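Scroll down for the structure; my scribbles are underneath it.
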Amino acid sequence: THFGYKTVEAEKKADLVADVFHSVAAKYDIMNDVMSFGIHRLWKRHTIEVAAARPGMSILDLAGGTGDLTAKFSRIVGNTGSVVIADINDSMLKVGRTKLRDRGIVNNVSYVQANAEALPFPDNHFDIITIAFGLRNVTDKDAALRSMRRVLKPGGKLLVLEFSKPKHEVMRKVYDLYSFKVLPKMGAMITQDADSYEYLAESIRMHPDQETLKQMMIDAGLEQVDYTNMTDGVVALHRGYKF
Ligand code: SAM
């Protein structure tokens, strides 16, 4: 910004993230299926189970992208509830909106372009917030976690689904090889855009591991913070509450 709140590095990262998701939006869903062998669907299904949403609830699907979680929540909360899908990137939101509309999901979903670091919602507003494969793209993660806590209702739940650190050395090796060698090549083949997928692999490597993210959530004021590993810790689901 003009006021020096953000460093040049932070601005560069934000620009890069914007470029990546504008560039991959149209093929994002198919790439997810191809690159994760469809397993992202299981990770998301587990997230929905842990969320334990109920009819009438008010839910924020942050960094919601093309709306996979939003679609599931929309069915659960019904017409007395509501789901806000928020994302910083309008290309991703547009792809999401088209997909959800095609599936007849219209009544209880609203779309908001917003930065996770400074959420444009009132305090104590949501019963549940999810951020799936989004936090690692956020420049100031601590600010984002504080912002999420602020807009949660007392008793509300935050779920962070994100790549993490595999538990076993063998899995780590396989996973490194896959994300650094195979993934960018596959990305290049399908989208003609190797750079974006190199960024994605790099962002996965740089992301805080299970215990670090747990501590970050505690530092942001969340309580009873815990996590479960999936696929040997390739992905972890962190949960925390606001009381
Ligand atoms: N949640 C969806 C899913 O699981 O399929 C999309 C995940 S996609 C890998 C990451 C999303 O985070 C992108 O849509 C991107 O635009 C969004 N994003 C990145 N930085 C963000 C920020 N600071 N605030 C909000 N959304 C952000």
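Using the Karplus curve 6.51 cos²θ - 1.76 cosθ + 1.60 with θ = phi - 60°, what ³J(HN,Hα) values do you get for each residue of region 73-79, in whole Hz, with x for Gly and Pro?
For region 73-79, the Karplus-derived couplings read 4, 4, 5, 6, 6, x, 6 Hz, x marking Gly and Pro.
For region 59-113 and region 176-243, what is the separation of their Cα centres, given in Å?
Centre-to-centre distance over Cα atoms comes out at 22 Å.
At 0.36 nm per residue, minus the direct Cα-Cα distance, what do Ala188 and Glu169 gain on full extension? Give it in nm, one decimal, please.
4.0 nm
Sort all Cα-Cα distances of the chain into consecutive 5 angstrom bins from zero, then give the percent of pairs in each bin up to the one containing the longest distance.
Calculated over all Cα pairs of the chain, the distribution is 1, 6, 14, 18, 21, 18, 13, 7, 2, 0 percent.
Where both residues lie in region 8-241, what percent of DSSP beta bridges are antiparallel, nearest 5?
Among the beta bridges of region 8-241, antiparallel pairing accounts for roughly 40 percent.
Ratio of Rg to Rh for region 4-83, alpha carbon only, Kirkwood?
Numbers: Rg = 16.1 Å, Rh = 14.8 Å.
That ratio is 1.09, to two decimals.
Name the residue, out of Arg136, Arg45, Arg103, whose mean-square fluctuation peaks in a Gaussian network model built on the chain with Cα pairs under 10 Å.
Among Arg136, Arg45, Arg103, the largest mean-square fluctuation in the Gaussian network model of the chain belongs to Arg103.
Please pull out the direction-averaged projected area of region 174-243, using the convex hull of its alpha-carbon atoms, in nm² to one decimal place.
The orientation-averaged projected area of the Cα hull of region 174-243 comes to 5.6 nm².
Collect residues whose amide H, placed 1.01 Å from N in the peptide plane, falls under 5 Å from the amide H of Val235; neighbours closer than 5 in sequence don't count.
Ser164, Met230
Using the Karplus curve 6.51 cos²θ - 1.76 cosθ + 1.60 with θ = phi - 60°, work out ³J(HN,Hα) for each residue of region 38-55 in order, rounded to whole Hz, and write x for Gly and Pro.
Each residue's phi maps through the Karplus curve to give x, 5, 4, 5, 5, 4, 6, 4, 4, 4, 5, 4, 5, 4, 6, 5, 10, x Hz.
Hey, what do the phi angles of region 145-154 turn into as Karplus ³J(HN,Hα) couplings, whole Hz, using 6.51/-1.76/1.60 and θ = phi - 60°, x for Gly and Pro?
5, 5, 5, 5, 4, 4, 8, 6, 6, x
Just so you know, all these numbers are worked out from the coordinates, no wet-lab data involved. From a predicted model like this one, the values you see are computed outputs, not experimental measurements.
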